[in-house]
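Okay, structure first, notes after.
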Amino acid sequence: MSAFTLYTASTAPEKSRPTLVMLEEKFGFLPNVMATMAANPVLLNGFAGSFASFHGGSLDECEKQILLLTNAVSLNCPWTVAAHSTFALEDGVAAGDVEAIRLGNLPRDVKYAALSALAKSLMHNRGHIAETEIDSFVAAGYSREQVLEVIVSLGISTMAATTTNLAQTPIEQRFQAQLWSASL
C-alpha cells in the first residue's frame with residue numbers, strides 16, 4: 001500500500017492538474033509515479049519539465065530506455081525497473097539486453113553497453129569519472145556533448161526512484177510482467 005495518495009487530474013492540487021492531464025495524454029494512462037508526485041506541484045512540474053527535455057533530446061527511444069533502466073537498477077527501484085523494462089521491450093530493445101541490465105550487467109549491443117556503462121559509472125561515482133570513460137563512450141558512436149544528456153537521465157531517474165521507493169508506489173498491472181527485486 002502506498003504511503004502517499006495517488007492523485008488524478010481531478011483530485012490533485014490545482015497547480016499539478018495541467019501537468020497530470022498532459023502526462024496522461026502522453027502515456028495514454030497516468031503512471032502511478034506521477035500520480036504520487038502530484039501531491040507536490042514543485043516536484044511534479046520539475047520532473048515533467050526535465051522529462052520533456054530529456055525525451056526531446058538526441059538519443060533514440062531505445063537508448064533512452066537503456067539509460068532509464070540502467071539508472072533504475074542502480075537506484076534499486078522496483079517500480080522504475082518494472083516500468084522501464086516494459087517500455088524498453090515495447091520500444092524494441094532486445095529482451096537479452098533488458099535482462100542483462102536487470103541483472104546488473106551490460107547489454108550485449110556494443111553501443112548500448114557504452115551508454116549503460118557511462119550511466120552506471122556517473123551514478124556510482126557521483127560524476128567523478130575518468131576521461132577514458134568518456135573516450136570509450138565517444139568511441140562507441142556518441143558525442144562528447146551527449147554525456148550531458150546522460151546526466152539529465154540521472155536526474156529524472158533519481159526523482160522517480162526516490163519518490164516511488166519513499167512512497168511505496170504500487171506497480172501498475174501493465175508493468176506486472178516485469179516485476180523485479182534487487183535479489184534477482
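Quick check on Leu44: is it more than 20 Å from Gln173 (Cβ to Cβ) and either in contact (Cβ under 8 Å) with a residue 24 or more places away in the chain or more than 15 Å from the chain's Cα centre (by Cα) (or both)? So Leu44 fits the description; yes.
Scanning the stretch 124-137 for residues being surrounded by 15 or more Cβ atoms within 10 Å (Cβ to Cβ) and within 14 Å of Val150 (Cα to Cα) gives a total of 4. Go through the residues of the stretch 104-114 one by one and say whether even a single one is within 16 Å of the chain's Cα centre (by Cα), in the same structural domain as Leu154 (by TED's automatic domain parsing) and on the phi < 0 side of the Ramachandran plot. Yes, some residue in the stretch 104-114 is within 16 Å of the chain's Cα centre (by Cα), in the same structural domain as Leu154 (by TED's automatic domain parsing) and on the phi < 0 side of the Ramachandran plot. One residue alone among Phe51, Phe4 is outside any loop (DSSP other than H, G, I, E, B) and out of contact with any His (no Cβ under 9 Å at 6 or more places or on another chain), and that residue is Phe51.
Residues in the stretch 11-44 that are assigned to a helix (DSSP H, G or I) and more than 14 Å from Ala160 (Cβ to Cβ): 14 in all.
Scanning the stretch 18-34 for residues that are under 16 Å from the mean Cα position of the chain (by Cα) and among the aliphatic types (A, V, I, L, M) turns up Leu23, Leu30, Val33, Met34. Just one of the listed residues (Leu115, Leu166) is under 20 Å from Thr36 (Cα atoms) and hydrophobic (A, V, I, L, M, F, W, C), namely Leu166. Restricting to the stretch 82-110, what's the tally of residues that are assigned to a helix (DSSP H, G or I) and more than 22 Å from Gly155 (Cα to Cα)? So the answer is 8. Each residue in the stretch 172-184 was checked for being under 20 Å from Ala88 (Cα atoms) and surrounded by fewer than 20 Cβ atoms within 10 Å (Cβ to Cβ), and 9 pass. Among the conditions (1) surrounded by 18 or more Cβ atoms within 10 Å (Cβ to Cβ); (2) farther than 16 Å from Pro31 by Cβ; (3) in contact (Cβ under 8 Å) with a residue 24 or more places away in the chain, the only one that Asp109 does not satisfy is (3).
The values are calculated or read from the model by the stated rules, or taken from the named source; none is laboratory data. Note that the structure is predicted; figures quoted are calculated from it, not measured. Note: ideal-geometry Cβ built from the backbone for every residue, glycine included; neighbour counts use all protein chains shown.
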